[in-house]
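The values are calculated or read from the model by the stated rules, or taken from the named source; none is laboratory data. Just so we're clear, the structure is a prediction, and the values are computed from it rather than from any experiment. All Cβ positions, even for glycine, are placed from backbone atoms using ideal geometry, and neighbour counts span all protein chains on display. Areas reflect the complete protein model, heavy atoms only, side chains present, ligands, DNA and RNA absent. Shrake-Rupley method; radii C 1.70, N 1.55, O 1.52, S 1.80 Å.
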Amino acid sequence: LRLPITQQLHTFDPLYMNLLAESFVSSHVFDGLVKRSGERDKIVPCLAHAWEVDESRTLWTFFLRKEVLFHHGKVLTAKDVVYSLGRLMRTSKRTLYSYIFKEIQRVTALNPSTVQITLKQPNELFLPFLCTSRAAIVPRDLEGIDEQSFGRRPVGTGPFKVVDMTEDTCVLEVFPYYFQGRAHLDRVEILYVPWDTETSSSDTGSAFHVLQ
């Protein structure tokens with residue numbers, strides 16, 4: 001599949017990306033604890049197969065699927081979730097949804113497959129926030145990797161992995177060990193095509209094209 005886009009891609013690091021196109025690609029490279037289903041926008045399990053919340057609605061417990069693999073072969077554990085949310089909590093950047101993740105007081109790995117998140121106060125937007133690309137789970141060994149390099153060659157648990165990224169092209173290849181089943185496509189090439197959208201719309205009726 002070759003997919004042209006009009007936004008230039010800069011990074012897929014969940015902490016730094018800001019463009020809709022980056023978020024779209026990121027959603028195929030990373031997973032979150034939960035996700036939205038197409039059916040009435042319902043929130044359903046993803047990396048977490050179940051979760052609980054206490055009566056105060058400030059203590060959330062997530063139970064992770066076992067043996068989920070990152071693209072580099074390491075197994076997802078609760079420590080990866082602690083690290084991923086900790087990056088958001090520690091950042092000084094003013095980013096989208098920061099008003100939500102700054103309300104996280106503590107993230108604790110109770111065991112390799114259980115994570116507990118404590119909020120400063122109840123927030124009914126917290127679970128929907130966990131469905132966003134900003135809350136995607138990254139491997140904790142990112143600490144030893146240059147963040148700029150990670151943004152251009154990210155490692156997630158999603159159905160596709162980034163194998164090449166230049167100023168004009170991003171290439172995704174299927175991750176055959178995806179925990180929800182192998183994707184049907186083998187390779188996706190995303191091409192940056194900075195056409196004039198107004199001219200394109202008047203000529204074709206749409207500024208968005210898919211080439212196969």
Any hit, segment 4-18, residues being touching a His at 6+ places or on another chain (Cβ under 7 Å), surrounded by fewer than 19 Cβ atoms within 10 Å (Cβ to Cβ) and under 22 Å from His184 (Cα atoms): yes
Residue check for Asp31: open to solvent by less than 20 Å² (accessible area, probe 1.4 Å) and touching a Gly at 6+ places or on another chain (Cβ under 7 Å): yes
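Within segment 49-77, can you find the residues that are among the polar types (S, T, N, Q), in a loop (DSSP other than H, G, I, E, B) and farther than 16 Å from Ala136 by Cα?
Ser56, Thr58
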Residue selected from segment 169-187 under the condition within 22 Å of Val68 (Cβ to Cβ) and in a strand (DSSP E or B), by the criterion most open to solvent (accessible area, probe 1.4 Å): Glu173
Pair list, Cβ < 7 Å and 6+ apart or interchain, from segment 33-52 residues that are within 20 Å of Ala78 (Cβ to Cβ) to residues that are of a type in the set (Phe, Trp, Tyr) and part of a strand (DSSP E or B): Leu33/Phe62; Ala48/Phe62; Ala48/Phe63; His49/Phe63; Ala50/Phe63; Trp51/Trp60; Trp51/Phe62; Trp51/Phe63
Unmet requirement for Thr6, which otherwise passes all of (1) in contact with a Ser or Thr (Cβ under 7 Å, 6 or more places away or on another chain); (2) under 22 Å from Leu110 (Cβ atoms): (2)
Residue that is farthest from Ser26 (Cα to Cα) [pool: residues in segment 113-140 that are part of a helix (DSSP H, G or I) and open to solvent by less than 10 Å² (accessible area, probe 1.4 Å)]: Phe126
Residue count for segment 39-89, restricted to those that are basic (Lys, Arg) and open to solvent by less than 50 Å² (accessible area, probe 1.4 Å): 1
Residues within segment 1-36 that are under 20 Å from Gly181 (Cα atoms) and over 15 Å from the mean Cα position of the chain (by Cα), tallied: 1
